[in-house]
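For reference, the structure is listed below as structure tokens.
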């Protein structure tokens with residue numbers, strides 16, 4: 001009997017001295033969390049995780065509603081074709097300002113004005129003479145006699161044809177027309193402000209009535 005006990009004890013001792021990799025320590029079962037307590041994940045409680053998730057969702061929704069992410073981009077405004085200039089009167093400490101727009105088409109006149117002629121719309125803000133609206137022809141003549149004046153026609157977009165009284169320059173030049181009177185200037189500027197396209201019809205010397213097309217969008221209205 002004693003021999004049997006000694007043999008059993010020896011076998012147990014031998015089996016306990018085997019390599020450490022062959023034995024796996026028992027992992028104690030995790031005890032359930034008490035009711036009402038928050039389970040921890042990586043140091044954050046359920047409440048903290050929920051708050052972060054809610055914040056992330058808010059950021060995603062904000063990005064989706066942002067015009068730069070989902071809304072279709074607004075078409076770029078067409079480039080302005082207006083040109084600007086100013087001339088300083090050093091003696092009086094004042095300046096004259098000009099805005100000019102050239103017609104997008106040309107007409108062909110006979111010699112000596114051949115080679116293509118366009119029409120230019122000029123707005124002038126002069127401290128001495130006030131505001132003026134002028135039509136200037138690059139080549140050719142716009143007959144407008146001082147004793148009876150003249151007129152020209154304008155169509156803004158698809159609106160009705162409007163007629164404007166005009167006068168020639170004081171220098172008796174024949175390439176420029178001025179819109180006559182404050183009422184005429186106000187009427188013209190009101191149509192110009194809204195128009196994307198404008199057709200001007202003028203009487204050209206030795207060529208009759210001729211039409212020119214303008215694209216007046218993009219004017220800097222601060223001064224004119």
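The values are calculated or read from the model by the stated rules, or taken from the named source; none is laboratory data. Computed from a predicted model, the values in this text were never measured in an experiment. Note: ideal-geometry Cβ built from the backbone for every residue, glycine included; neighbour counts use all protein chains shown.
Of (1) within 22 Å of residue 137 (Cα to Cα); (2) in a helix (DSSP H, G or I); (3) within 22 Å of the chain's Cα centre (by Cα), residue 217 satisfies all except one. Which?
(2)
If we keep just the residues of the stretch 93-111 that are out of contact with any strand residue (DSSP E or B) (no Cβ under 6 Å at 6 or more places or on another chain) and under 25 Å from residue 221 (Cβ atoms), which is modelled with the lowest pLDDT?
That would be 93.
Look at residue 126 and say whether it is under 22 Å from residue 82 (Cβ atoms) and out of contact with any helix residue (DSSP H, G or I) (no Cβ under 6 Å at 6 or more places or on another chain).
So residue 126 fits the description; yes.
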